[in-house]
Amino acid sequence: MSRKREHEAEKENGERWLLTYSDLITLLMIFFVVLYSMSKVDAQKFQAVAESLNKALGGGTPSKMEISSSPAGPSLFQTGTPSAKATVPGKGTDPNNTTYTDPASSPNNKNVGQGNADAESTSINSIKVKLDKFAADNGIQTTLVTSIEERGLVVSIQETLLFESGSADITTRAREILEKISTVLAQAPNQIKVEGHTDNLPIHTAQFPSNWVLSVVRSTNVVQILQHDGIIPDRLSATGYGEYRPIATNDTDAGRGKNRRIDLIILRTKYDLTEPAKQAPVSDTVVPATIKP
């Protein structure tokens, strides 16, 4: 009897490794299921979750997360080195399985994009040189100042060169100056933003109840002059910042003088994406339905 019990105990103990083995196989299966589900995550949903987490944890503006693409869909994992050529059977190939070149990864296209950026920078620099020369020739280089920023070329014109104090009417001398500037700006196709700025001294008149209104009306009047002098209207936009975008202190007369200005921004073409696109007009005409007999 004791021998039988010993034999059964040995048999039971000898099969205990199966429990550990089955647990390991189960964990491996779950691991690969998780990897598979992550490799086929919905790009838009993942982006939304990432942005929500970024806002909740970082408190800043969410940044884009790059998700690599594959023939099967968006993936979180990069596999291998991207090739300039890719063949997908049945998609983008002819019956002979001809390999097509991926335009996005073509070195030639990258060179073209870089060439366009270089050409634009050259054009912006050329405009700056011409405007600086014009300002120097006319002795207004302290009131008409140009600078190149990330968004493009900024042409800053102080109030004294364009308006009387507290007024939005453009003077005769200012019209001549804006006409010369328009001649230079008309040579490039870039979008042009006209920004009005004031100092922080309050204004409250029947025509201008606030500095904000004054800055908007001034920028709008400049836009009308530029349009009249040959700038295509769909390249122009006007905005007013009032006293809320100072470039100097408002504690001194000199600082307030610098803040009272009109800025013309010749935007780089990459910022066209942030501008409203032109929409095709939608007809309001109702077409009567045809009733078949």
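Given C-alpha coordinates of the stretch 112-274, what is the ratio Rg to Rh with the Kirkwood estimate of Rh? Computed over Cα atoms, the ratio is 0.97. With a sphere of radius 13 Å drawn around the Cβ of Ala168, what net charge do the other residues whose Cβ falls strictly inside it have (Lys, Arg +1; Asp, Glu -1)? Neighbourhood net charge equals -1. Could you work out the local net charge near Leu264, counting Lys and Arg as +1, Asp and Glu as -1, over the other residues with Cβ closer than 13 Å to its Cβ? After counting each charged neighbour, the total is +3.
DSSP finds beta bridges in the stretch 182-270, and of those with both partners inside it, around 50 percent are antiparallel. Close amide-amide hydrogen proximity is noted between Ala238 and Val194, each under 5 Å apart and 5 or more residues distant or on a separate chain (H modeled in the peptide plane; Pro and chain starts excluded). Extending 7 Å from Cα along the Cβ direction at Met38 and again at Lys270 yields two label points whose distance is 3.1 nm.
Counting only DSSP beta bridges whose two residues both lie in the stretch 112-274, roughly 75 percent are antiparallel. A crude spin-label estimate for the pair Ala119 and Thr220, with each label 7 Å from Cα along the Cβ direction, gives 3.8 nm. Close lysine pairs were tallied over the stretch 112-274: pairs 8 or more places apart or on different chains with Cα atoms under 15 Å apart number 4.
The slack in the chain from Arg175 to Tyr21, taken as 0.36 nm per residue of separation less the alpha-carbon distance, amounts to 46.7 nm. Relative protection proxy for 123-129, 193-199, from highest mean packing down: 193-199, 123-129 (other beta-carbon atoms within 10 angstrom). The residues packed around Asn138, meaning those with a beta-carbon under 15 Å from its beta-carbon, carry a net charge of +1 if Lys and Arg are +1 and Asp and Glu are -1.
Counting beta carbons within 10 Å around each of Lys258, Lys130 and listing the fewest first gives the order Lys130, Lys258. Were the residues from Ala50 through Ser167 laid out at 0.36 nm apart, the gain over their Cα-Cα distance would be 37.2 nm.
Where a number appears in this text, it was derived from the coordinates with a stated rule and is not lab data. Bear in mind the structure is a predicted one, so any value in this text is a computation, not a measurement. FYI the Cβ positions are ideal-geometry reconstructions off the backbone, even for glycines, and counts take in every protein chain you see.
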